[in-house]
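Laboratory data are not the source of any read-out in this text; all were calculated from the coordinates shown. Note that this is a predicted model, so its numbers are computed, not measured. As a convention, Cβ positions derive from the backbone with ideal geometry for all residues, glycine included, and neighbour counts pool all protein chains shown.
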Amino acid sequence: MRKGLIFVSSIVIMIPFLTACWNQKELTDLAFVMAMGVDKGKEKKFEVSFQIVNPGNVAPGQIGGGQGLPIAVYKSTGDTLTEAARAATKKVSRRLYYAHTNLVIISDDVAKKDLLLLLDAMDRDPEFRTTTELIIAKGKTRAEDLVSALTILDKLPVNKITKEIQSTEKMLGENMSINIDDFITNLISKGREPILNGYKVVGKIDKVNQAVNLKKTTTDAYLAADGLAVFKDGKLRGWINNNNARGVLWILNKVEGTGINLTWKDMKNAISIALIRSKTKVSAQFKGGKPMINVKIENEGWVSEVNTAIDLTNPKEIEKIESILMEETKKQILTSVKKAQKLKVDIFGFGEKIHLENPKRWKMLQKNWDEEFSKLQVNVEVESYIRREGIRTKPFWSEFSK
Amino acid sequence: MLILSKILKTKRKKRQDDNIRQKLDPNLPKDLPILRSSQDNIVRLKEELGKSSDVVIREFKGSNYQGALVFIDGLVDNKVIMDFLLEPLIDTKPLPERVDIFQYLKEHAVAAGSISTIENWNQIYDNLFSGNTVIFIDGYNKAISAETKGWEKRSISNPTTQLSIRGPQDAFTETLRTNTALIRRRIKSPNLWIETMKIGKVSQTDTAILYIKGIANEKIVEEVRKRLNRINIDELLESGYIEQLIEDQSWTTFPTTYHTERPDVVVSQLVEGRVAIVVDGSPFVITAPAIFIQFFQAPDDYYSRFDISTGIRLLRIIAFLIALIGPSTYIAATTFHQEMIPTTLVIAIAAQRENVPFPAFVEALIMEVTFEILREAGLRLPRTVGQAVSIVGALVIGQAAVQAGIVSPIMVIVVSITAIANFSTPVFAMAIAARLLRFVLMGLATILGFYGMMLGLMFMSIHLCSIRSFGVPYMMPLAPFNIRNQQDVFVRFPIWQFTNRPPFISKGNIARIGQNQKPGPPDPHDDRSKGEKS
């Protein structure tokens with residue numbers, strides 16, 4: 001008994017000294033990769049840039065903190081993502097840590113050809129989150145430019161992009177948050193094609209990564225969202241610009257709040273409506289053997305601006321405004337649909353709806369869906385409600401123009 | 001003559017031998033009779049007490065009798081002895097003829113409240129050391145014992161270890177009788193039974209078992225009696241001695257008996273069917289059986305309304321968990337699971353740790369040990385230097401330590417919250433268990449991260465479920481779970497829903513409150529209230 005006790009307790013006492021501390025990694029040995037950019041490489045297939053945070057310069061109130069730049073960017077090349085990531089360790093003193101990576105930026109030319117070769121690495125790695133935002137660097141802007149950009153308001157540039165996308169989704173409805181997981185889900189779905197947000201540097205690209213850029217109130221270069229990238233078979237097919245992006249999000253039921261300008265008695269932009277709620281229902285239907293899509297939207301809003309003399313106390317006027325809002329919404333949505341039909345890419349997931357409606361017919365349609373989609377009849381039905389008029393009923397215009 | 005002196009000598013020698021034996025083994029029973037001659041008794045007493053200076057022997061002579069009066073200075077009230085014992089005894093009025101002098105004196109001369117006749121030698125000591133005065137009368141082989149207790153004692157004061165905002169503010173003292181009186185005053189029922197025994201071979205400390213006949217489980221009372229009788233130690237200075245000798249399980253950090261210095265707490269536990277053990281010389285009363293959740297129930301819980309006390313009790317349990325796993329969570333999250341910390345926070349922590357030379361475990365250990373040292377020092381140090389320690393302490397665990405680059409600011413926060421959380425457990429014995437296990441969990445978190453912590457917590461839960469207090473499972477009524485006994489666990493139900501005494505403690509007699517105890521506005525259909533109105 002006594003011997004056994006000594007034996008067991010000596011083993012227990014030895015445990016802390018004999019273990020190699022499984023998977024232990026001290027914070028100070030980690031390099032937090034906040035964003036990762038993938039460009040086309042010259043010798044190897046990819047050129048990957050890692051945005052690594054310099055904690056001392058980001059955290060507030062630190063001893064000697066806040067002086068230098070918040071981030072450092074390291075680049076490496078490789079034919080695969082893993083190769084590039086491992087090659088990067090030659091340049092970084094710490095272990096690259098991906099669990100806090102919030103953003104992956106793919107350049108335009110990589111997206112056109114090799115995007116699919118990147119996805120599995122990000123999906124498979126246990127450290128890497130599939131909730132990471134995925135965006136496309138549009139046009140001349142390289143992914144590296146976006147990764148190495150410095151931003152004024154947000155100390156961490158990566159926050160600027162991810163937060164911006166989220167707030168635009170809520171307030172404007174022209175961009176929506178799309179992460180790697182969403183992208184892959186849409187990619188493998190037969191009746192739906194993925195989209196991604198486009199981003200670009202506005203202004204002098206070569207200044208975007210310099211601290212000088214932060215010393216001005218109007219920066220020489222800044223990052224801005226620009227359109228939606230449309231994919232077909234995992235390759236970048238085309239872009240939907242900002243004007244049409246809202247229509248797309250509307251059909252995807254992603255619009256929450258936005259502002260719409262309406263024309264009143266030939267006066268353009270006479271009324272502004274701020275939407276506070278919007279709900280979209282998409283259903284498929286077969287008519288005469290032909291598929292048809294019905295989009296039904298209900299939106300609610302309040303009059304945020306009136307630049308002409310309208311008597312808002314009159315319910316009939318409000319009804320009129322409502323019907324104008326309906327028409328406007330319908331118009332915007334149909335334009336977006338047309339745009340997508342032109343690209344022959346079903347980004348709305350209409351195929352999925354038809355599949356649900358009639359799986360047998362869908363099997364036949366599926367083979368030639370792109371063509372079918374481009375000719376698909378889409379009916380849009382909108383119901384709009386004006387709920388409030390702000391804290392003013394009659395605008396000053398009604399007195400002023402008398 | 002020679003023979004007589006020889007006999008006397010051998011007798012004396014034998015007596016001395018007895019004395020020596022007594023000194024070697026204090027527990028040796030000496031069933032000697034009291035001698036007829038008070039002179040001989042005095043000689044024997046002096047021998048056996050080693051001429052102790054506090055033993056006062058006063059010989060007296062009455063009209064036709066003589067004797068001696070023995071008491072221990074300091075344990076008795078001198079005034080009582082002078083006025084009510086000595087004065088009547090040395091009265092020189094002749095006694096009526098043909099009376100039994102012993103009986104007469106006992107009835108007429110000794111004017112003490114409680115008197116008794118002693119017939120053998122052992123009882124003399126019992127009486128002397130409890131503050132009674134022993135009177136020998138020449139010619140009788142028995143003695144009178146008169147109660148003259150009157151030693152210096154501390155008066156009842158406020159509780160110092162278990163404070164409450166609302167509720168009685170008296171606490172037990174070091175005197176057994178005062179303590180039982182405090183309880184008796186609150187339970188005016190003949191069913192409150194007090195059994196007294198002496199424990200400690202040398203110290204012969206009075207110990208009382210209190211229970212309410214009819215509510216307390218007879219089996220548990222018998223078990224307590226058995227365990228107390230088994231105790232055979234030299235001295236009993238505090239109820240803590242007893243606690244360690246009657247526990248079911250010694251190998252545990254968790255307390256399996258409850259102790260308190262508040263009479264109201266003892267009363268509430270007696271009424272629930274528990275047994276209380278009061279030890280003379282200790283202001284802490286033990287109650288048993290104890291269950292885990294009991295250590296999170298503060299007296300305030302029952303004195304304020306149920307919604308408030310439920311919230312506060314939940315807070316206390318959360319604080320216990322923080323005290324238990326605070327530092328280990330920090331270690332596990334910063335060295336294994338950085339992905340679990342929000343990005344901004346992990347960067348802030350990383351920035352703080354940038355200048356710290358130690359791994360997180362060492363950092364945490366330094367701070368925790370420093371704090372424990374401070375706390376221990378604060379407890380022991382003389383009151384006059386208290387200020388100095390708190391100033392130095394604030395420097396060691398604070399900005400200075402951070403600026404010196406030994407620890408990071410976040411660690412200071414973790415240590416502080418742990419420390420404060422630890423103090424919110426109402427019973428110190430439970431708080432200290434968390435304090436100890438915290439270090440074990442810290443070690444496990446260093447080796448295996450959250451996985452290790454979970455292993456540790458699982459072992460802890462299994463252990464908690466395995467221990468018992470006087471046969472009652474420690475985790476009652478959580479494990480084994482009983483839905484009907486949850487009135488006083490995490491949620492403190494309204495008093496009018498406390499329908500039962502905990503059946504796992506008081507078997508049988510468990511109905512606690514009457515029907516329709518729920519208060520409400522006056523009933524308009526009630527005849528009486530109608531009548532009063534008109």
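Below, the figures for the structure above:
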item	result
Quotient of Cα Rg and 2.2 N^0.38 Å for region A:293-356, N being how many residues it contains	1.55
Sites A:D220 and B:A394, calculated FRET efficiency, Cβ-Cβ separation with R0 41 Å, nearest 0.05	0.25
Rg over Rh, two decimals, region A:27-240 (C-alpha only, Kirkwood Rh)	0.95
Translational diffusion of region B:16-147, µm² s⁻¹ [Kirkwood Rh, Cα pairs; Stokes-Einstein; 37 °C; 0.692 mPa s]	217 µm²/s
Residues in region B:340-361 reached by a label modelled at A:K163 [backbone nitrogen below 17 Å; 7 Å Cα→Cβ]	B:342-348
Equivalent ellipsoid semi-axes, chain A, via Cα gyration tensor eigenvalues times 5, rooted, Å	46, 29, 23
Stretch gain in nm, segment B:Q497-B:V55, where the contour uses 0.36 nm per residue and the Cα spacing is subtracted	153.3 nm
Spatially proximal lysines relative to B:K188 (Cα-Cα < 22 Å; intrachain offsets below 8 disregarded)	B:K213
Charged-residue dipole, Cβ positions (Lys, Arg, Asp, Glu), region A:212-331 about Cα centre, Debye nearest 20	660 debye
Residue order, fewest to most beta carbons within 10 Å, for B:W193, B:W121	B:W193, B:W121
B:L455/B:S250 FRET efficiency (R0 25 Å; Cβ-Cβ; nearest 0.05)	0.55
Modelled FRET efficiency - R0 41 Å, B:T92 with B:K198, Cβ distances, 0.05 increments	0.55
Of B:L345, A:Q210, B:I331, farthest towards positive along the dipole that unit charges on Lys, Arg, Asp, Glu beta carbons give the protein assembly as shown	A:Q210
Magnitude of the charge dipole, the protein assembly as shown, Cβ model with Lys/Arg +1 and Asp/Glu -1, debye to 20	1520 debye
Over chain B, equivalent-ellipsoid semi-axes from the Cα gyration tensor in Å	58, 33, 22
Eligible aspartates and glutamates near A:K42 by straight Cα distance, threshold 18 Å, same-chain separation 8 or greater	A:D79, A:E83, A:D108, A:D109, A:D114, A:E144, A:D145
Footprinting exposure proxy for B:T384, A:T219, A:T313, A:T77 (fewest neighbouring C-beta atoms within 10 Å first)	B:T384, A:T313, A:T77, A:T219
Relative contact order of chain B, defined on C-alpha pairs under 8 angstrom at six or more residues apart (%)	12 percent
Base-10 log of normalised Debye intensity for the protein assembly as shown (one unit scatterer per alpha-carbon) at q = 0.08 Å⁻¹	-1.01
Helical segments meeting 20 Å axial Cα length and Kyte-Doolittle 1.0 threshold in chain B (DSSP H)	B:306-335, B:409-423, B:428-466
Between region B:276-311 and region B:409-452, the alpha-carbon center distance in angstrom	23 Å
Dipole magnitude of chain A about its Cα centre (Cβ charges: Lys, Arg +1; Asp, Glu -1), debye to nearest 20	500 debye
Full-stretch length increase - A:T185, A:K320 - with 0.36 nm per residue and alpha-carbon distance subtracted	44.4 nm
Hits among aspartates and glutamates - C-alpha to C-alpha of B:K46 under 12 Å, sequence gap 8 or more where chains match	B:D54
A:I106 long-range amide H proximity, modeled H, under 5 Å	A:V38, A:I135, A:I136, A:A137
Ranked A:D311, A:D125, criterion: other C-beta atoms within 10 Å, fewest first	A:D311, A:D125
25 °C / 0.890 mPa s Stokes-Einstein diffusion coefficient of region B:176-290, Kirkwood radius on C-alpha pairs, µm²/s	175 µm²/s
Entries in A:K287/A:K367; A:K155/A:K254; A:K40/A:K342 that, when Cα-Cα distance is taken, lie over 22 Å	A:K155/A:K254; A:K40/A:K342
Chain A: angle of helix A:242-251 to the longest principal axis, Cα-based, in degrees nearest 10	90 degrees
Cross-link pairs B:K149/B:K226; A:K112/A:K339; B:K106/B:K153; A:K140/A:K160 - those with Cα-Cα distance over 23 Å	B:K149/B:K226; B:K106/B:K153
Where Rh is the Kirkwood radius over Cα pairs, Rg/Rh for region A:243-402	1.09
Lys/Arg +1, Asp/Glu -1 at C-beta; the protein assembly as shown dipole; positive extreme among B:L365, B:T446, B:I194	B:T446
